[in-house]
1. Looking at (1) under 18 Å from the mean Cα position of the chain (by Cα); (2) among the polar types (S, T, N, Q); (3) assigned to a loop (DSSP other than H, G, I, E, B), can you tell me which one N111 breaks?
2. Would you mention how many residues in the range 57-81 are surrounded by 14 or more Cβ atoms within 10 Å (Cβ to Cβ) and among the polar types (S, T, N, Q)?
3. Out of everything in the range 95-127 that is over 15 Å from C63 (Cβ atoms) and among the polar types (S, T, N, Q), what residue ends up being modelled with the highest pLDDT?
4. Among the residues of the range 82-108, what is the count of those that are touching a residue at least 60 places away in the same chain (Cβ under 8 Å), β-branched (V, I, T) and either closer than 20 Å to I125 by Cβ or surrounded by 21 or more Cβ atoms within 10 Å (Cβ to Cβ) (or both)?
5. Given the structure, is L12 more than 25 Å from D123 (Cβ to Cβ), surrounded by 12 or more Cβ atoms within 10 Å (Cβ to Cβ) and either of a type outside the set (F, W, Y) or modelled with pLDDT of 90 or more (or both)?
6. Looking at the structure I just gave you, is I48 surrounded by 18 or more Cβ atoms within 10 Å (Cβ to Cβ), under 19 Å from A19 (Cα atoms) and at pLDDT below 95?
7. Take the residues in the range 89-108 that are in a helix (DSSP H, G or I) and under 17 Å from N54 (Cβ atoms), then tell me which one is nearest to the chain's Cα centre (by Cα).
8. Out of all the residues in the range 69-80, is one or more at pLDDT below 85, closer than 23 Å to D106 by Cα and in a helix (DSSP H, G or I)?
Amino acid sequence: MCKEEGETLVHLMLHCKVARALWQKVSTEAGCLWAFSANCRSMMIEEIVGLGSNKMAKALWKCLVLAVQWNIWIERNLRIFEEKEMGVDDIFEKAKFLASLWASTDNAFKNIPFSLIVLNRKDVIGN
């Protein structure tokens, strides 16, 4: 995707300059310093407490990790097959929206409207 190294899963999802910029935005959003994982599996099981430690925060974190990975894959395909490119800020906004959508289906967010999760994520999870 970045055209700087050969495409491996680890490079694409973690070390590519686009992916690193996205993960830096995740770290900033979560309000924490975060050492990047060595592999994709360890990233899925890490619990970052920047979003909080309650059930909603944990559910949102897992959804955010998956949404960023999904959007990296979508961006990679856009660049390769359609010769289109989105900026990191736009990719991150799409990932946050998707993470909010996915999190809204978790029991932790029962009776909380999707629109409230999207607009006030940090207030909803208690941070």
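1. Going through (1) under 18 Å from the mean Cα position of the chain (by Cα); (2) among the polar types (S, T, N, Q); (3) assigned to a loop (DSSP other than H, G, I, E, B) one by one, N111 breaks only (1).
2. 2
3. N111
4. Matching residues across the range 82-108 total 1.
5. Working: more than 25 Å from D123 (Cβ to Cβ): yes; surrounded by 12 or more Cβ atoms within 10 Å (Cβ to Cβ): yes; either of a type outside the set (F, W, Y) or modelled with pLDDT of 90 or more (or both): yes.
Taking the combined requirement at face value, the residue satisfies it.
6. Details: surrounded by 18 or more Cβ atoms within 10 Å (Cβ to Cβ): yes; under 19 Å from A19 (Cα atoms): yes; at pLDDT below 95: yes.
Yes.
7. If we filter the range 89-108 for residues that are in a helix (DSSP H, G or I), which is where we start, we get 89-104, 107-108.
Of the ones still in play, those that are also under 17 Å from N54 (Cβ atoms) are 99-100, 103-104, 107-108.
Numbers: A99: 7, S100: 10, A103: 12, S104: 15, N107: 20, A108: 19 Å.
Only one residue tops the list, namely A99.
8. Kept after step one, since they are at pLDDT below 85, are these residues of the range 69-80: none.
No.
The values are calculated or read from the model by the stated rules, or taken from the named source; none is laboratory data. Keep in mind that what you see is a predicted model, and the values were worked out from it rather than measured. Note: ideal-geometry Cβ built from the backbone for every residue, glycine included; neighbour counts use all protein chains shown.
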